[in-house]
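Note sheet for the following structure.
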Amino acid sequence: MRLQPILDIAELCVQKGAIQAVVCPGSRCAPLTLAFARHEGITVRTFSDERSAAFVAMGIAQQTLSPSILVCTSGSAAYNFAPAVAEAFFQEIPLLVFTSDRPKEWIDQLDGQTIRQNNIFGAHVKKSFTLPEDYDHPDSVWFIHRVINEAINLSQEFPKGPVHINAPFREPLYPAKGEKITFSKNIKVISTSTFTESLSEIEVAEFKKKLGSFSKVLVVAGQNDFNDELTKGIDKFSNTNHAPLVGDIISNLHSLEATVRYSDSFLSACDEDVQRSLQPELLISFGKSIISKNTKVFLRKYKPKEHWHIQQAGTPADTFQSLTKVIRCEPKLFFKLLALDKKEEGFANQKKENYLRLWQAEEHRTVHSMNSYFEDSAFSEISLLKEFMSVLPLRCNLHLANSMAVRYANLIGIAAGKKGIHVYANRGASGIDGCTSTSVGHALSNEAPNFLITGDMAFFYDRNAFWHNYQLPNLHVLVLNNHGGIIFNMIDGPGNVPELDKLFVTEQSLTAKHLTNEFGFDYLPVDSLKKIKNSLKEFFIFEGKTKILELESGQKENIEAFKKFKEQIKKGYGA
């Protein structure tokens, strides 16, 4: 068959473990679509909206820890992949992005669905390849096989990420009537060794010696998927070295009692004397981004003498403007090797304990203030989320949409010990565009309960996440509908301009009721404090259907509730 080298891409993907494909309808992509669809080793799902499809593929890859295959036709369809490709790049999620194309001689010739697709994703992919459009010469076949091997390997090498393969096709694009699609055997598979960079005994001894010279060691965890080995290692390191561990909700370290999870609240409320007392001498960081702006501002102002960042490979970010050393090692291995066998004693050790207690004191003060606030809080988004977070099942995936949803969840936190709750959020590019679609990808590729907390703007912006033919019985969505982008009332700048409501908040009047009717979901409206407990009880029952629980409330009452929450934290400091 003329297209045999293209059909064999499917066989090569299967042999290298890429077995989940998301395809978007189109004609130019027919050779790839049919190859993946007719290979018994690949699960293919079809989504009509390319932007949503790309986020679904990203969610699948994140859940399965394997590269997802993503396919579209030529033209503007490829551009619709861009938001998810950027998110996957910064979140380090492996994707194989196939964009079908016209032959190069037809580019810029006013032919239909023809744009300039080479390197269309720019610097937001690890690499971009273009396949040959003619396969007569054996070198072309060799080139295609080599490129696909390289692309799959590259997508999984640290830092993981999306790889783009642009595939121009000549007509005919479909097999002849009655022609069978088969896959070649003995295709060349090129493997790559796993990154195994470790620390030598000499390096471990030097790091331990250096650690011992600091009295104030602070660990800050960025966004991470849950990893039990990492959690155990960092817990022992923190305990034996008396090092406070700051980790907001997307660090997935909420299961540890020692985790300081409310730094965003108390660092905005305490005075400069308290902040100076919390200043670290040594900062150790790992993972990706953090949510807390207040923590970032604090560390940029009160800089440590040294800042070590742990990252296996790639260019590290200097988020806190204090980076002095990059440690090329897996974080779980670093903390395992640098944890002490037992806690040391003596005056130097006492100084370390005192520093740990300072962070613990601020954490406890904040917990006390929060408890006081929620004892008699009024009906609002934050009060509903407090109730929701407290009754989450012990094993579930919690997805947090951007804007206020992820911030509310971070302020409230998850109780220690609940390591079975795994938290996900699109904090790579931090857009609202694909939050729902990403959670759909997760729900399609695992059987655990999946919960999404989202605001109305993110929810309606990504409504095509549900425009497909697949059931989502394990996905329940909590929509905080205050009829606009309330976050712009919360941040400095927009709240002070007269065009706030028209240009920034962009008030809208939709509710989720009609959407649930359209897609056949169960709908649970909540508009009062009395309904919360009963509605949540029903919301947590899985009955084979997607459920949408919608809290419809006003912007003013939620702004007031949020302000009172912040004021209650400040009261703990006598403010």
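The values are calculated or read from the model by the stated rules, or taken from the named source; none is laboratory data. Computed from a predicted structure; not experimentally measured. Glycine gets a Cβ as well: all are built from the backbone with ideal geometry, and neighbour counts include every protein chain shown.
Quick grid of which residues meet (1) charged (D, E, K, R); (2) buried (at least 19 other Cβ atoms within 10 Å of the Cβ); (3) closer than 21 Å to Phe237 by Cβ:
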position	(1), (2), (3)
Gln350	no, no, yes
Gln360	no, no, yes
His368	no, no, no
Ser372	no, no, no
Lys386	yes, yes, no
Note to self: Condition (residue is over 21 Å from the mean Cα position of the chain (by Cα), assigned to a loop (DSSP other than H, G, I, E, B), at pLDDT 95 or above and surrounded by 12 or more Cβ atoms within 10 Å (Cβ to Cβ)) applied to the stretch 189-209: is it met by at least one residue?
What the structure shows: no
Next item on the list: For the stretch 149-180, name all the residues that are free of Cβ contacts under 8 Å to residues at least 60 places away in the same chain, charged (D, E, K, R) and within 18 Å of Ala10 (Cα to Cα).
Entry: Glu150, Lys180
Item checked: Hey, Leu70 farther than 28 Å from Ser445 by Cβ and outside any helix (DSSP H, G or I) or not -> no
Checklist line | Complete set of residues in the stretch 124-141 that are touching a residue at least 12 places away in the same chain (Cβ under 8 Å) and either outside any loop (DSSP other than H, G, I, E, B) or over 15 Å from Leu7 (Cα atoms) (or both) | finding: His124, Val125, Lys126, Lys127, Ser128, Phe129, Thr130, Ser140, Val141
Next item on the list: Tell me which of these Thr130 doesn't satisfy, since it passes every other one: (1) over 20 Å from Cys24 (Cα atoms); (2) at pLDDT 95 or above; (3) surrounded by fewer than 20 Cβ atoms within 10 Å (Cβ to Cβ).
Entry: (1)
Notebook entry, point to check: Restricted to the stretch 463-486, and to residues that are assigned to a loop (DSSP other than H, G, I, E, B) and hydrophobic (A, V, I, L, M, F, W, C), which residue is farthest from Thr506 (Cα to Cα)?
Noted result: Leu472
Check: Restricting attention to the stretch 506-524, does a residue exist that is within 20 Å of Phe379 (Cβ to Cβ), at pLDDT 85 or above and buried (at least 19 other Cβ atoms within 10 Å of the Cβ)?
Finding: yes
Note to self: Consider the stretch 45-87. How many of its residues are surrounded by fewer than 19 Cβ atoms within 10 Å (Cβ to Cβ), among the aliphatic types (A, V, I, L, M) and either over 21 Å from Gly161 (Cα atoms) or more than 23 Å from the chain's Cα centre (by Cα) (or both)?
What the structure shows: 0
Margin query: Out of the residues in the stretch 78-123 meeting the condition of being among the charged types (D, E, K, R) and part of a helix (DSSP H, G or I), tell me which one is modelled with the highest pLDDT.
Written below: Glu87
Next item on the list: Check Ile115, Ile120, Ile107 and return the single one that is surrounded by fewer than 20 Cβ atoms within 10 Å (Cβ to Cβ), under 21 Å from Pro25 (Cβ atoms) and not polar (S, T, N, Q).
Entry: Ile115
Checklist line | Filtered residues of the stretch 285-322 (kept if buried (at least 18 other Cβ atoms within 10 Å of the Cβ) and either of a type in the set (A, V, I, L, M, F, W, C) or not assigned by TED's automatic domain parsing to the domain that holds Leu333 (or both)) | finding: Phe286, Ile290, Ile291, Phe298, Leu299, Trp308, Ile310, Phe320
Item checked: Extreme residue, farthest from Asn252 (Cα to Cα), among residues of the stretch 320-353 that are of a type in the set (S, T, N, Q) and without any contact (Cβ under 8 Å) to a residue 40 or more places away in the chain -> Gln350
Checklist line | Lone unmet requirement of (1) over 25 Å from Tyr573 (Cα atoms); (2) over 19 Å from the mean Cα position of the chain (by Cα); (3) part of a loop (DSSP other than H, G, I, E, B) for Ser289 | finding: (2)
